[in-house]
Amino acid sequence: MRAIQITEWTSPERLQVSEIAPPACGGEEVLIRVHAAAVSHSLSLLIAGKYQRKPAFPFVPGNTVAGTVISTGARAGRFRVGDRVLASLEYGSLAEQAVAHEDNTWPIPPGLPFPEATAFNSSYNSVAAALTWPGLLEAGPGKTLLVTGAAGGVGTAAVQIGRLLGARVIAAASSEAGRWHALHNGAHEAVDAGPAVLRDAVRQLTAGEGVQAVLEPVGGAVFDAALRCLAPGGRILPIGFAGGVVPQIPANLLLVKNITVCGLYMGYYKIDARARHAARMRELFALLGSWWEQGLIKPQVGACFSLDEVPAAFARVLDRAHRGHVVVTPNA
């Protein structure tokens, strides 16, 4: 089969298609014909050897696929050949076929296109968990939620889900077009995400109080400014570092304002502790499917690329002016 296989840490522009053997399907796995695979900023870090996970060479990068089941393992009984599924993998999605553990595979709602379905695993699942799980941001009526990077894939998901949960959503984006995008997706207000102006803009909108929750996917100086937008007792959840800089959190500010910084790494629930959290993951993805069927969330795909165009797909992702999710369609 055709796949993107890497044998050393590299950069996106050097990725090429190779002919490799199809993956074997284990007893608790499903073999999937890949119709769409997600490309993300974190994936660019993985192929460069800068991500927390470092698979052994050679490997096929990519952790999200949507497609149809080709075959199932002897001990996998939840799916049948031909089922439309979404799957989370440790690696292997940038290929014509991929295997996933049955516990990391979920049905796609009828009518949801494969490219849009990938967004459920590349952003909406993490955002839904961040905003609803106990001990995290717990967005809802009576709370004001600040979303930075609000025009990106994660930010768009956060704006939509924050709105449907009943929170007041303030979206921060670096361009006028990005702020319009956030308002179009349900934000109540939109402000400039520039670190020099963000705090004052948010405090003006909240009568000087600040917000109760922040979902922050950018990092760097934007995180620093967003942290200072919190009201006393507020919570902030970093959900990525798309700006390329991991922030250092000032403990003194946490102390004097009773602020909580929340951690959320979905790979723990889907990969590291799969068996323990399989039911919780099924519940989460069923909730996303229900929201989509009711028209409450609308995953947006900004661009689709062929397998031969993977370098261009990464270039689109790393251009922070892009809108919507970027996917590769190996079997188009």
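The values are calculated or read from the model by the stated rules, or taken from the named source; none is laboratory data. Being a predicted model, the structure only gives us computed values, none of them experimental. Glycine gets a Cβ as well: all are built from the backbone with ideal geometry, and neighbour counts include every protein chain shown. Heads up: the accessible areas ignore ligands, DNA and RNA and are worked out on the full protein's heavy atoms, side chains in. Shrake-Rupley method; radii C 1.70, N 1.55, O 1.52, S 1.80 Å.
Descriptive notes on the structure:
- Residues of the range 134-155 satisfying the condition of being closer than 17 Å to Gly219 by Cα and in contact with a Ser or Thr (Cβ under 8 Å, 6 or more places away or on another chain): Ala150, Ala151, Gly153, Val154, Gly155
- Among residues of the range 218-243 that are open to solvent by less than 10 Å² (accessible area, probe 1.4 Å), none has a beta-carbon under 6 Å from a residue that is part of a helix (DSSP H, G or I) and at pLDDT below 95 at least six positions away or on a different chain.
- In the range 34-44, the residues that are open to solvent by 20 Å² or more (accessible area, probe 1.4 Å) and touching a strand residue (DSSP E or B) at 6+ places or on another chain (Cβ under 6 Å): His35
- In the range 72-128, residue surrounded by the most Cβ atoms within 10 Å (Cβ to Cβ) [restricted to those that are small (Gly, Ala, Ser) and assigned to a loop (DSSP other than H, G, I, E, B)]: Ser93
- Taken over the range 5-33, the criterion of being touching a residue at least 60 places away in the same chain (Cβ under 8 Å), surrounded by 11 or more Cβ atoms within 10 Å (Cβ to Cβ) and of a type in the set (A, V, I, L, M, F, W, C) is satisfied by Leu15, Val17, Ile20, Cys25, Val30, Leu31, Ile32.
- Just one of the numbered conditions (1) over 16 Å from the mean Cα position of the chain (by Cα); (2) closer than 23 Å to Met281 by Cβ is not true of Ala21: (2).
- Members of the range 257-269 that are open to solvent by 60 Å² or more (accessible area, probe 1.4 Å) and touching a Gly at 6+ places or on another chain (Cβ under 7 Å): Asn258
- Which listed residue, of Leu198, Leu215, Leu205, is touching an Asp or Glu at 6+ places or on another chain (Cβ under 8 Å), under 26 Å from Lys298 (Cβ atoms) and in contact (Cβ under 8 Å) with a residue 24 or more places away in the chain: Leu205
- Scanning the range 153-180 for residues that are open to solvent by 20 Å² or more (accessible area, probe 1.4 Å) and under 23 Å from Gln294 (Cα atoms) yields a count of 6.
- Scanning the range 118-130 for residues that are closer than 17 Å to Asn185 by Cα and either of a type in the set (Gly, Ala, Ser) or more than 10 Å from the chain's Cα centre (by Cα) (or both) returns Ala119, Ser123, Ala128.
- Within the range 232-261, being aliphatic (A, V, I, L, M) and more than 27 Å from the chain's Cα centre (by Cα) holds for Ala251, Leu253, Leu255, Val256.
- Positions within the range 305-332 being buried (at least 17 other Cβ atoms within 10 Å of the Cβ), modelled with pLDDT under 95 and more than 18 Å from the chain's Cα centre (by Cα), in sequence order: Asn331
- Residue match in the range 48-58 (condition: closer than 27 Å to Gly324 by Cα and either in contact with a Cys (Cβ under 8 Å, 6 or more places away or on another chain) or part of a strand (DSSP E or B) (or both)): no
- Subset of the range 270-289 [open to solvent by less than 60 Å² (accessible area, probe 1.4 Å) and without any contact (Cβ under 8 Å) to a residue 40 or more places away in the chain]: Ala273, His277
- Screening the range 53-68 for residues that are touching a residue at least 24 places away in the same chain (Cβ under 8 Å) and surrounded by fewer than 21 Cβ atoms within 10 Å (Cβ to Cβ) and picking the one that is nearest to the chain's Cα centre (by Cα) gives Arg53.
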